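Where a number appears in this text, it was derived from the coordinates with a stated rule and is not lab data. Source: prediction; values computed, not measured. With ideal geometry, Cβ positions are generated from the backbone for all residues, glycine too; neighbour counts draw on all protein chains shown.
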Amino acid sequence: MRALRPWARYLLLIMAHLLAMGLGAVVLQALEGPPALQLQAQLQAELATFQAEHKACLPPEALEELLSTALRAQAHGVSSLGNGSESSNWDLPSALLFTASILTTTGYGHMAPLSAGGKAFCVVYAALGLPASLALVAALRCCLMPALGCPGTWVAVRWHLAPAQAALLQAAVLGLLVACVFVLLPALGLWSIQSDCSLLEAIYFCFGSLSTIGLGDLLPGHGRGLHPAIYHLGQFALLGYLLLGLLAMLLAVETFSELPQVCTMVKFFEPSGPMAAEDQGDILGQDELALSSLPPDTPASEQDPEEALGSV
């Protein structure tokens with residue numbers, strides 16, 4: 001397959017990606033279609049029952065207008081339901097969590113600015129904050145990657161492993177550690193605190209947060225039934241969890257991307273033609289730097305006569 005032209009390799013990659021998307025769509029349609037239809041039928045039945053009981057007091061048009069207003073408010077994170085334990089959606093912990101969801105590109109969707117000034121500020125804040133966040137994460141990655149490589153080097157020397165085997169072992173251990181510390185343990189804590197959340201839903205929420213998917217079906221703003229102090233403490237804990245968890249996920253992905261097997265697969269899609277002039281210049285520059293660091297060779301005329309005779 002190496003004999004394929006570069007455009008054929010890229011076309012093969014695009015077709016595989018589209019095939020994976022189509023397969024995922026078919027599976028989700030088969031899994032989620034029947035429950036969605038069942039929920040829609042249940043909702044229509046409940047609305048019909050409510051209208052039959054209160055038709056004289058509340059006309060159907062007024063009910064639809066009320067529900068539309070409530071749904072529009074819910075889209076911005078404003079709700080009149082609950083016991084009022086959440087005094088404001090824009091208190092300091094909630095605002096910090098919202099800014100963290102912007103800078104980490106999680107985007108839960110549980111809150112949204114209402115005013116034009118708030119929307120404009122979000123645009124400017126994200127445009128300036130996202131590059132700064134990427135720079136911070138890149139700097140931390142450069143500091144932590146050598147430290148993470150030390151245990152792998154020690155194990156490779158201790159067990160006399162090949163470099164490829166040592167890299168695979170290090171990636172597997174790091175991936176398992178991140179999965180346990182940043183997915184399984186927080187999910188268990190969330191499951192024990194939230195009575196209406198199953199363990200699968202908790203794992204689903206943690207993985208969706210760390211992968212920056214943020215689908216919005218399980219929201220961090222649902223703190224009703226909790227004491228306000230516990231609710232705000234959970235928001236601060238989620239803020240730190242997002243920052244540390246995303247850094248851990250980046251380190252794990254970076255480790256997996258440096259595996260020899262992954263590098264071989266990436267090189268398969270590299271152009272096999274002649275190199276560009278700028279690429280050759282960079283390689284020549286690196287060769288000159290490497291050669292300049294070598295010790296100068298001793299001329300044959302300056303060798304010791306005894307060494308010269310011994311070599312003959």
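Couple of notes before you dig in:
- When peptides 200-211, 248-259, 39-50 are ranked by their average number of other Cβ atoms within 10 Å per residue, the highest-first order is 200-211, 248-259, 39-50.
- Per-residue extension of 0.36 nm, minus the Cα-Cα distance of LEU37 and LEU169, leaves a gain of 42.9 nm for this segment.
- The phi-based Karplus calculation (6.51 cos²θ - 1.76 cosθ + 1.60; θ = phi - 60°) puts the 3J(HN,Hα) values of segment 254-259 at 5, 5, 5, 5, 8, 5 Hz, whole numbers, x for Gly and Pro.
- Shape class for segment 109-199: oblate, because the ratio a/c of the largest to smallest gyration tensor axis (alpha-carbon atoms, square roots of eigenvalues) is 1.5 or more and b/c is at least a/b.
- Environment charge of PRO146, counting only residues whose C-beta is closer than 15 Å and scoring Lys/Arg +1, Asp/Glu -1: -1
- With 0.36 nm allotted per residue and the present C-alpha distance subtracted, the ALA132-GLU61 stretch has 20.6 nm of extension available.
- Segment 226-266 shape via C-alpha gyration tensor axes, a/c threshold 1.5: prolate
- Using θ = phi - 60° in the Karplus curve 6.51 cos²θ - 1.76 cosθ + 1.60, the 3J(HN,Hα) couplings for segment 263-268 round to 4, 5, 5, 5, 5, 4 Hz; x is entered for Gly and Pro.
- Stretched out straight at 0.36 nm per residue, the stretch from LEU19 to PHE50 would grow longer than its current Cα-Cα span by 6.6 nm.
- Computed from backbone phi, the HN-Hα couplings of segment 170-182 come to 5, 5, 5, 5, 5, x, 5, 5, 5, 5, 6, 7, 10 Hz, rounded to whole numbers (Karplus: 6.51 cos²θ - 1.76 cosθ + 1.60, θ = phi - 60°; Gly and Pro given as x).
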